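Report on the following structure.
The values are calculated or read from the model by the stated rules, or taken from the named source; none is laboratory data. None of these values were measured; they are calculated from a predicted model. Surface accessibility is based on the protein's heavy atoms, side chains included, excluding ligands, DNA and RNA. Shrake-Rupley method; radii C 1.70, N 1.55, O 1.52, S 1.80 Å.
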Amino acid sequence: MNIDDRLDRLTERHEALTQSVELLRAHGNELSERLARQAEKQDRENTALNHTLRRAIRMAVTEARNERRRRQTLDEYITKLTAAQLVTEEKMQVLEDRLTRFIDASRSGGNGHG
């Protein structure tokens, strides 16, 4: 193999390497563009997700506040009902005591007035 043949082979190899480098560069550019598009898409999705999460958190906080108000109102009603029940029990006890005295007085021949 003479020097011209070697130069031809080197030239062919150089051209083949140049083509390979160009293909790799084009493929790298394509991958970079795809990654950039995916990153943009991911950013949009993350932004939408963050918006949804913020909205859900606001709704949860609002619901928790409303629930607290409902419980406070219910506690107030229960407190009033308990107080009313105590008053009713006291009145029933007074009535029971009077009825017992009246019955005892009736049995002993009195007129029921003490």
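For every residue, the table says whether it meets (1) open to solvent by less than 100 Å² (accessible area, probe 1.4 Å); (2) at pLDDT below 95; (3) within 20 Å of the chain's Cα centre (by Cα).
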| position | (1), (2), (3) |
| --- | --- |
| Ala39 | yes, no, no |
| Gln42 | yes, no, no |
| Asn50 | yes, no, yes |
| Met59 | no, no, yes |
| Glu67 | yes, no, yes |
| Lys91 | no, no, no |
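Evaluate the following for Ile103: is it among the β-branched types (Val, Ile, Thr) and at pLDDT below 95? I'd like the intermediate steps shown before the answer.
Numbers: among the β-branched types (Val, Ile, Thr): yes; at pLDDT below 95: yes.
Yes, satisfied.
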